[in-house]
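This report refers to the structure that appears directly beneath it.
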Amino acid sequence: MDIFDLIWNYKFSFAPVIATYAIFEISTIIRRLTRIAYTPIYFTFFPLGHADELYSQYFNEDYFYEGFNQTPKEKNRVRKKIISISVFSMVFSTVLNPILAALFAAVFLDKSQFIEFFWFLAIVKFLLISKSLYSTRHISFVGNSSSFPWLALIYVIYFVAILRIVDTAYEWAAAQVTTNGVKEMLLNAVDFVIINFGIYIIMAGALGAAISYWMTDPDNIPEIEAIEDSELLPIEE
């Protein structure tokens with residue numbers, strides 16, 4: 001009965017948790033505010049969704065058929081840009097955003113509120129990853145290829161990595177705030193990130209490049225069949 005009462009009367013720290021989650025998703029929020037583009041269904045989730053318009057052109061899925069009219073040289077240029085964007089988005093989404101959220105939490109949240117945020121983040125990301133994998137499996141060409149298990153493995157690694165980084169960074173930052181204050185914590189943050197997460201940044205960047213290079217293999221570009229409409233064909237005289 002006590003457990004039931006505890007659950008029933010539990011008060012969720014909505015504002016602190018949502019604010020911290022917004023910091024975690026800051027790069028995604030910026031992207032959504034600055035990019036209005038069609039997103040292929042199988043690239044709606046990190047890290048490939050950070051180049052929506054380029055992906056839609058590269059895979060001939062943009063509404064204006066700009067991608068369909070691109071030359072091989074133009075396709076290659078778009079591919080290089082996609083890879084560059086994915087490297088930065090991978091680093092931010094996997095390493096830097098979790099650290100920023102953890103530093104924010106250390107300053108503005110108490111321990112119990114951080115625990116709420118941690119489980120909120122875990123649940124939301126689990127649902128997003130599950131939805132993305134379902135869409136990939138049943139809608140995109142990726143689901144019909146041997147690459148799907150590897151894509152699933154990457155998502156699992158991402159899920160575990162962000163939770164570990166958030167937790168580790170928060171514990172360090174909270175201890176720094178308690179001992180030395182917020183200003184000193186912020187001054188020491190750069191050294192902390194480089195020493196403790198430098199290898200994560202390198203690995204995330206390399207993985208982002210590898211994923212994009214692999215996913216944008218020219219063999220994966222769908223062919224679009226020309227649609228002949230009798231009303232649009234030239235009239236023979």
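Every number here is computed from the coordinates shown, using simple stated rules; none is lab data. In this text, all values refer to a predicted model and were calculated from it rather than measured experimentally. Virtual Cβ from ideal backbone geometry, glycine too; neighbours counted across all protein chains shown.
You can think of it this way: the chain between V124 and L187 has 19.5 nm of extra reach, that is 0.36 nm per residue less the Cα-Cα gap.
Between F108 and I199, the FRET efficiency estimated from the beta carbon spacing at R0 = 22 angstrom works out to 0.15. Using the alpha-carbon centroid of each, what span in Å lies between region 81-118 and region 186-209? Answer, in whole Å: 12. Note on K125: lysines with a C-alpha under 24 Å away, same-chain residues under 8 apart excluded, are K11, K111.
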